[in-house]
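Working notes, beginning with the structure itself.
The values are calculated or read from the model by the stated rules, or taken from the named source; none is laboratory data. Note that the coordinates shown come from a computational prediction; the quantities given were computed from them, not determined experimentally. So basically every Cβ, Gly included, is an ideal-geometry build from the backbone, and we count neighbours across all protein chains shown.
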Amino acid sequence: MNTIEQLRRVLNRNHTIAVVGLSAEWHRPSFFAAKYMQEHGYRIVPVNPRYAKTSTEVLGERCYAELTDIPFAVDMVDVFRRTEDVLPIARQAVQIGAKCLWQQIGVTNLEADALARDASMDSVMNRCVKIEHGRLFGGLNLVGVNTGVISAKRLGSKE
């Protein structure tokens, strides 16, 4: 279990985040979580083979097919993939010298967690980096999502 102090330390020390499974579609959770982190000073590195093949940029950043293709240091690997897909990603995270493996909400691969911890990495499971950042640093807006789509105004209101 990660304590508030551990989560705060991870978010304070890891500013280059490779987001594995980052979607270019604005309504996907990976997109708005990465966009939020980018807007809060973090460098986002998209990792998605679908976009890397077509040289598609996501959030203005070059997309890579896998972690080992990234030509610079990455602090955190944030995983938006199914639980069964995480272990090979964790192996690559160890290989590139990442400092943290972060498994998003609904993702809990215990073997990947153990691999990361055995490599002296921080490991977070079943938590959203955006929600934790907002909770710990004051950026959590109404319902935890600030897409600009949800409004408290009533339809037809003249306000």
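Things to note:
- Test: residue in the range 126-136 that is farther than 19 Å from HIS15 by Cβ, assigned to a helix (DSSP H, G or I) and of a type in the set (Lys, Arg): no
- For the range 12-52, filtered to residues that are assigned to a strand (DSSP E or B) and in contact (Cβ under 8 Å) with a residue 40 or more places away in the chain, the residue that is surrounded by the most Cβ atoms within 10 Å (Cβ to Cβ) is VAL19.
- Among the conditions (1) under 27 Å from ARG8 (Cα atoms); (2) loosely packed, with under 14 Cβ neighbours inside 10 Å; (3) of a type in the set (Ser, Thr, Tyr), the only one that THR83 does not satisfy is (2).
Residue-by-condition table, conditions (1) in contact with a strand residue (DSSP E or B) (Cβ under 8 Å, 6 or more places away or on another chain); (2) modelled with pLDDT of 95 or more; (3) of a type outside the set (S, T, N, Q):
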site: GLN38; (1), (2), (3): yes, yes, no
site: ARG43; (1), (2), (3): yes, yes, yes
site: SER55; (1), (2), (3): no, no, no
site: LEU59; (1), (2), (3): yes, yes, yes
site: ALA65; (1), (2), (3): yes, yes, yes
site: ASP75; (1), (2), (3): yes, yes, yes
site: ALA90; (1), (2), (3): yes, yes, yes
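- One residue alone among ARG8, ARG43, ARG28 is of a type in the set (Lys, Arg) and more than 23 Å from SER120 (Cα to Cα), and that residue is ARG28.
- Top-ranked residue of the range 54-65 - restricted to ones that are part of a loop (DSSP other than H, G, I, E, B) and among the hydroxyl-bearing types (Ser, Thr, Tyr), ranked as surrounded by the most Cβ atoms within 10 Å (Cβ to Cβ): THR56
- Residues in the range 66-99 that are within 19 Å of ARG28 (Cα to Cα), without any contact (Cβ under 8 Å) to a residue 60 or more places away in the chain and part of a loop (DSSP other than H, G, I, E, B): 1 in all.
- Checking SER157 against (1) surrounded by fewer than 16 Cβ atoms within 10 Å (Cβ to Cβ); (2) within 17 Å of the chain's Cα centre (by Cα); (3) at pLDDT below 95, the condition it does not meet: (2)
- Subset of the range 24-62 [under 16 Å from GLN92 (Cα atoms) and in contact with a helix residue (DSSP H, G or I) (Cβ under 7 Å, 6 or more places away or on another chain)]: VAL47
- The single condition from (1) part of a loop (DSSP other than H, G, I, E, B); (2) crowded, with 20+ Cβ neighbours inside 10 Å; (3) among the hydroxyl-bearing types (Ser, Thr, Tyr) that THR108 fails is (2).
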